Amino acid sequence: MAGHSKWANIKRQKAVVDAKKGKTFTQLSRAIILAARGGVPDPALNFQLRTAVDKAKAAGIPNDNIERAIAKGAGTSGGDNSSLEAIRYEGYGPGGVAILIEALTDNRNRTAADLRVAFSKNGGNLGETGCVSWMFDQKGVCVVQNVVDEEQLLEASLEGGAESYEMTEDETAEIFTEIANLETLSQTLKDKGFEITDAELRWISGNNVEVTDPDQARSLLKLIDTLEGLDDVQNVTSNFEMAEHLMATNIV
């Protein structure tokens with residue numbers, strides 16, 4: 001079972017900095033709205049919504065805010081959220097690094113303009129649809145903590161239809177599966193007593209680029225931080241590898 005977690009490790013290293021951005025509420029609320037609009041507005045019956053709600057609760061979003069977001073998505077709040085749509089943008093960062101941006105927006109022109117400025121000011125280029133997405137495959141991922149017996153985890157993962165897994169750090173694993181099988185895998189692991197801290201769809205790169213130049217590393221991380229700081233941006237994924245000392249020097 002092969003690993004796919006280089007970008008996930010980078011994301012974890014950035015987590016302390018990202019937590020300070022203060023836009024998590026906006027991101028997670030929009031994800032709830034979209035999930036509720038795309039299915040049954042009941043977390044018990046809508047896996048995507050249940051996952052979004054779990055993430056919102058973990059981030060400390062009050063229950064009242066969560067309920068309002070569900071009501072907006074369901075169209076029962078009196079507001080108009082029909083124009084909110086999910087869009088994927090693609091581009092290149094310094095050193096030819098591929099970058100995928102997932103956004104939720106009610107104004108495509110505004111979002112594209114903001115992204116274009118972010119790229120141009122940080123040594124990158126916003127590209128056309130399809131320019132880098134061919135380098136990535138989307139998979140379902142379950143993050144499991146407090147793994148004591150890796151053999152039991154492997155057995156449960158295979159039973160749940162997993163394709164691969166990786167121990168990313170002590171007692172923490174990421175289990176990968178096909179998108180349509182994520183809910184089944186998640187439920188199987190829970191039934192086997194494993195502690196799942198996240199279940200999400202993630203873009204996995206099959207073609208990584210190593211960044212060794214300090215200036216390129218600085219520009220690239222600044223670009224990603226800038227992109228993640230935009231209100232319309234939900235998630236940023238890239239295909240770079242970077243030494244820990246470069247990461248530590250540039251994440252401030």
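Tabulated values for the structure
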{"item": "Percentage relative contact order, the stretch 192-252, counting C-alpha pairs under 8 Å, at least six apart", "result": "43 percent"}
{"item": "Fraction of antiparallel bridges per DSSP, the chain only, in percent to nearest 5", "result": "90 percent"}
{"item": "Sequence ranges 111-120, 188-197, 55-64, ranked by mean other-Cβ count within 10 angstrom, highest first", "result": "111-120, 188-197, 55-64"}
{"item": "CD proxy at 222 nm, helix term only [per DSSP H run n ≥ 4: -39500 (n - 2.57); per residue of the chain; nearest 500]", "result": "-13500 deg cm²/dmol"}
{"item": "Charged-residue dipole, Cβ positions (Lys, Arg, Asp, Glu), the chain about Cα centre, Debye nearest 20", "result": "1200 debye"}
{"item": "Flagged links, alpha-carbon separation over 28 Å, of K72/K190; K72/K192; K57/K192; K55/K139; K55/K121", "result": "K72/K190; K72/K192; K55/K121"}
{"item": "Pair T249, N181: separation of 7 Å Cα→Cβ label points (nm)", "result": "4.2 nm"}
{"item": "For the chain: accessible area per residue (Å², 1.4 Å)", "result": "50 Å²"}
{"item": "Estimated distance in nm for a label pair at I87 and D198, the labels positioned 7 Å out from Cα along Cα-to-Cβ", "result": "2.6 nm"}
{"item": "The stretch 175-217, dipole about Cα centre (Lys/Arg Cβ +1, Asp/Glu Cβ -1), debye to the nearest 20", "result": "260 debye"}
{"item": "Selected from Q152, M167, V233, residue furthest toward positive end of dipole (the stretch 137-252; charges at beta carbon)", "result": "V233"}
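The values are calculated or read from the model by the stated rules, or taken from the named source; none is laboratory data. All of these numbers come straight from a predicted model, not from anything done at the bench. Cβ atoms come from the backbone with ideal geometry, glycine included; neighbour counts cover every protein chain shown. Side chains are part of the model used for accessible areas, which takes the heavy atoms of the whole protein and leaves out ligands, DNA and RNA. Shrake-Rupley method; radii C 1.70, N 1.55, O 1.52, S 1.80 Å.
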